Amino acid sequence: MATKKIYLYPLWLRIWHHVNAILMLALILTGVSMQYSNPDYPLIRFDIAVSLHNISGILLTLSYFYFFLGILFTSIGRHYVMKQGFFKAFYLQAKYYLFGIFRGEPHPFPVNAERKFNPIQQITYNVIQHAITPITFVTGWALLYPETIILNVFGYSGIMLTSLLHVAAGFLISIFLIIHLYFITVGHSVTSNLKSMITGYHEIHEDEEKDSAENAEESSSENSGKSN
Amino acid sequence: MKHWLIKRPAGWIALITGFIPLLFAIFLSFGSEKPAATIDEESKQCLVCHGSPRYELTDTLTGETVTMKMHAELQIDPVEYSKATHGAFKCTDCHSIDYHIHPHPVSTKFEVNYTCMDCHGGDETYASFNFETIEEEYLKSIHATELGTEFSCWSCHNPHTYRLSDKEPGQLMNRVARNNSACLHCHGDINNYAVLIEKELPDLIKSHDWLPNQSLHFRKVRCIDCHAANNDSIMVAHLVLPASESVKNCVECHSTNSILMGSLYKHQAAEKRNKLGFYNGVIMNEAYVIGANRNYYLNIASVVIFIMVLIGIAIHATLRYIHRHRKHGN
């Protein structure tokens, strides 16, 4: 049973997230359909796929800047800042996902009002949002206007290299999406993370609260030790 | 013993002044187009009038001279002509000897022009071009069936400027532009179109508005790549189809079995996958056709990564389920 609810996902963020998810899905499906087009097994009719892909790509660019301004000018941005000791924290989180989770060990970085993401989420979201997604839309815009692309890069076609980068980045996003969808189920219950992204509230349960308190104590004693 | 070149500076000078320029000349000649033919003296006389937009006519009795405009269709660009495939011919090799008379007599108006087959039909020298099949295909084309004698080889292939250049590697964009300009001579010019047929000239931009990235397609592929049926035994398709039968299914080009490999890229297409693992690699030299340019190795790598991720998730989910089951069991 939930003991406490914290409002972690404001409405603007949830709207962005769901719109972004729909656009990403549309881009992946139409992208795969075009890249692996086959007259005998058409997934989406090619011209429809091209138009849908272009429209979704343009909207995704707008969606990215909406999100970027959101994290820049609201308090949500603090959750994306990677703090000192990140690599050790990343290691602890990876160890938990690979082993601890199967032994019922406490979550090393339970969610609280000040910490929405664990270190793995933090780096993944940052890389996907600020590196991979911009690569897809910058190369995508370049492919919409191929006359802007350098024709020859060290003997290779500039358009071909741009396309490869676009497809590779798109592929990484599709891999992220699958893992991201799986991690919906890694909450207190199988559906609790999904509920949070719909209602905006994260439920903190008794056992999580205890872990969180213990972690807070540990970190405060570490900090006081350091200050001494 | 020292080599003579090292001992004698004159040897080096000879090498630099003779051999190196010779090498340059050889390399440059590889990159250049067909060398221009020399126009014979007799034809030069024709070009005095036909080589410019105006010409002078002198009355031999009165000595009076008038300047007249030369009809655009009768003008011959001497530079273009000398570079053309037929540029080595004298004017009277194809035209009546009566053209030597000025003003030209009425009989020249009744001159019957040669067609390609008059010279090339059954000629072993040009067997590889397969002119007989070209003619068969042309006779089945919309141009022949709709326009009959109004249309001929020369309607598209100007005999005075035509160059056999489709075999040359590179400069694909130039080849596409040159080829399409032949179509647009009528299909993009209301006056030239009206001379041939009493029909409204369709607006090409509107009739192709279904095509995504329209201008890109217009620059990168030839009209005939969609509007003519391929025939493996000839180099360039001549069976121009009615608009209703033309290619409108994107995946006919945008797939590994791209029809472009049998048309636009026919001369370069020799392998299915090139050494870097790209399907239809020749297309990538000057363009990228989504769906047609896939990479074999990247395809395999992406499928393997995808499957590994799914297996990883399946194992993780199973172990989580087992743990949860045990916990609740206890």
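Throughout, read-outs are computed from the coordinates displayed, never taken from laboratory work. None of these values were measured; they are calculated from a predicted model. When we count neighbours, we look across all protein chains shown, and the Cβ atoms used for this are built from the backbone with ideal geometry, even at glycine.
For the residues A:F46, B:F151, what sequence is obtained by ranking on other C-beta atoms within 10 Å, fewest first?
Ordered from fewest to most neighbouring Cβ atoms within 10 Å, A:F46, B:F151 come out as B:F151, A:F46.
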Checklist outcome for this item: Per the 1/(1 + (r/R0)^6) rule, R0 = 35 Å and r from the Cβ atoms of A:K4 and A:L98, FRET efficiency to 0.05 is 0.75
Checklist entry - For chain A, what are the DSSP H helices with axial Cα length of 18 Å or more and mean Kyte-Doolittle hydropathy of at least -0.5? => result A:11-35, A:46-73, A:158-183
Checklist entry - Under the rule of -39500 (n - 2.57) per DSSP H run of 4 or more residues, summed and divided by the residues of the protein assembly as shown, what mean residue ellipticity at 222 nm is obtained, to the nearest 500 deg cm²/dmol? => result -15500 deg cm²/dmol
Next on the checklist: Projecting each Cα onto the charge dipole of the range A:39-116 (Lys/Arg +1, Asp/Glu -1 at the beta carbon, about the Cα centre), which of A:L69, A:V50, A:V111 comes out farthest on the positive side?
Outcome noted: A:V111
Next on the checklist: Please list, by residue number, every one of the trypsin sites (Lys or Arg not before Pro) in the range A:44-85 that is coil in DSSP and has at most 12 other beta-carbon atoms within 10 Å.
Outcome noted: A:K83
Checklist entry - Under a point-charge model restricted to the Cβ atoms of Lys and Arg (+1) and Asp and Glu (-1), what is the dipole moment magnitude of chain A relative to its Cα centre, in debye to the nearest 20? => result 220 debye
Checklist entry - If you place +1 on the Cβ of every Lys and Arg, -1 on the Cβ of every Asp and Glu, and leave all else neutral, what size is the dipole of the range B:123-198 about its Cα centre, to the nearest 20 Debye? => result 420 debye
Checklist outcome for this item: Averaged over all viewing directions, the convex hull of the alpha carbons in the range B:103-185 casts a projected area in nm² of 7.8 nm²
Next on the checklist: Let me check against my output: what whole-number percent is the relative contact order of the range B:36-112, with C-alpha pairs under 8 Å and at least 6 apart?
Outcome noted: 32 percent
Checklist entry - Distance from the Cα centre of the range B:131-160 to that of the range A:1-79, in angstrom? => result 53 Å
Checklist entry - Looking at chain A, how many pairs of lysines come closer than 27 Å at the Cα, when each pair is eight or more places apart or spans two chains? => result 24
Checklist outcome for this item: Cα extents of chain A along the principal axes, largest first, in whole Å, come to 61, 39, 36
Checklist outcome for this item: Between A:F65 and B:I313, the two model label points (7 Å from Cα along the beta-carbon direction) sit apart by a distance in nm of 3.3 nm
Next on the checklist: Please list 3J(HN,Hα) in residue order for the range B:148-157, calculated via the Karplus relation 6.51 cos²θ - 1.76 cosθ + 1.60 where θ = phi - 60°; whole Hz, with x for glycine and proline.
Outcome noted: x, 6, 5, 10, 8, 3, 5, 5, 9, 9
Checklist entry - For the range B:36-112, what D do you get in µm² per second when you plug the Kirkwood radius from alpha-carbon pairs into Stokes-Einstein at 20 °C and 1.002 mPa s? => result 158 µm²/s
Next on the checklist: Relative contact order for chain A: what percent, with Cα pairs under 8 Å and sequence separation of 6 or more?
Outcome noted: 29 percent
Checklist entry - Can you put B:W210, A:W12 in order, fewest other beta carbons within 10 Å first? => result B:W210, A:W12
Item to check | Per DSSP, loop chymotrypsin sites (Phe, Trp or Tyr not before Pro) in the range A:113-194 with at most 15 further Cβ within 10 Å | outcome: A:F154
Item to check | Rg and Dmax of the protein assembly as shown, Cα atoms only, in Å | outcome: 35.8, 127
Checklist entry - Which whole-number percent of Cα pairs in the range B:118-248 have a distance greater than 20 Å? => result 49 percent
Checklist entry - When a footprinting reagent is the concern and you count Cβ atoms within 10 Å, what order do B:Y321, A:Y64, A:Y36 take, fewest first? => result B:Y321, A:Y36, A:Y64
